[in-house]
Structure formats: structure tokens, C-alpha cells
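The values are calculated or read from the model by the stated rules, or taken from the named source; none is laboratory data. What you see is a predicted model, and the numbers here were worked out from it, not measured in a lab. Backbone-built Cβ (ideal geometry, glycine too); neighbour counts: all protein chains shown.
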């Protein structure tokens, strides 16, 4: 029997349990109403705006899939709008090479601060 907390992602990535990953979401949406709706939805997911249309945060894989579906639904009607969601270890990079942000906002129990 399959583990109910295991999923195979679109990229073939294997997800198990309650493991959060870091994501950056970037979008360019011309309609102010749609842009505001996206902004508020991303904040509701606990994502942090690091610029007006750039968000960073930790999500579970099913949450990222839900965000992906939301973008697909909202952006399909207009071919001019763009967005992408990517994953990586951004907090470590931000701690070392980020400027103008409160670095403690990017810390978690697994982040190590390395002085340059």
C-alpha cells in the first residue's frame, strides 16, 4: 500500500511527509485587480514579499501545486502575463548575499549564517 503522505511531483521529484521547501515566486501581471489577488493569496500561503511581484517562503509540495494551479487558472486568459515558481536553498544565499532585507526573517532551524 502506498504511503498517503508521499507524492511524485511533476518533475519526478519524490516528496515525503511534512517537508517544507523554499520557493521563490515571480510574476508579471498587468491587471491591477489580478495582481492584487495574487499578492494577497501568496501572503495567505505565508509567502513573504521581497519585491512587489517577487515572493519567498517555505511551502509543502501540495501547497506549491495549489499555487501553481492558481497561477494557471488566473493567467490562461491573457497571454501577456507571466509567472514562475522555483525551488532552492535561497535562505542560505540571502543570508550571505542578500542586501536590504532583515536577515532574521529568512532563518529557520536548518539555516546556518556564514559571515563573508
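Just checking, which of 35, 69 is modelled with pLDDT of 80 or more, surrounded by fewer than 16 Cβ atoms within 10 Å (Cβ to Cβ) and part of a helix (DSSP H, G or I)?
69 is the lone residue from the list that is modelled with pLDDT of 80 or more, surrounded by fewer than 16 Cβ atoms within 10 Å (Cβ to Cβ) and part of a helix (DSSP H, G or I).
Could you check residue 11 against (1) over 20 Å from residue 83 (Cβ atoms); (2) at pLDDT below 55; (3) out of contact with any helix residue (DSSP H, G or I) (no Cβ under 8 Å at 6 or more places or on another chain) and say which number it fails?
(1)
Working only within segment 72-91, note down all residues that are buried (at least 16 other Cβ atoms within 10 Å of the Cβ) and in a loop (DSSP other than H, G, I, E, B).
The one that is buried (at least 16 other Cβ atoms within 10 Å of the Cβ) and in a loop (DSSP other than H, G, I, E, B): 81.
Restricting attention to segment 19-28, report how many residues are free of Cβ contacts under 8 Å to residues at least 60 places away in the same chain and within 12 Å of residue 70 (Cβ to Cβ).
Of the residues in segment 19-28, 1 are free of Cβ contacts under 8 Å to residues at least 60 places away in the same chain and within 12 Å of residue 70 (Cβ to Cβ).
Output the residues belonging to segment 38-66 that are modelled with pLDDT of 90 or more, under 21 Å from residue 88 (Cβ atoms) and exposed (fewer than 13 other Cβ atoms within 10 Å of the Cβ).
Scanning segment 38-66 gives 46, 62.
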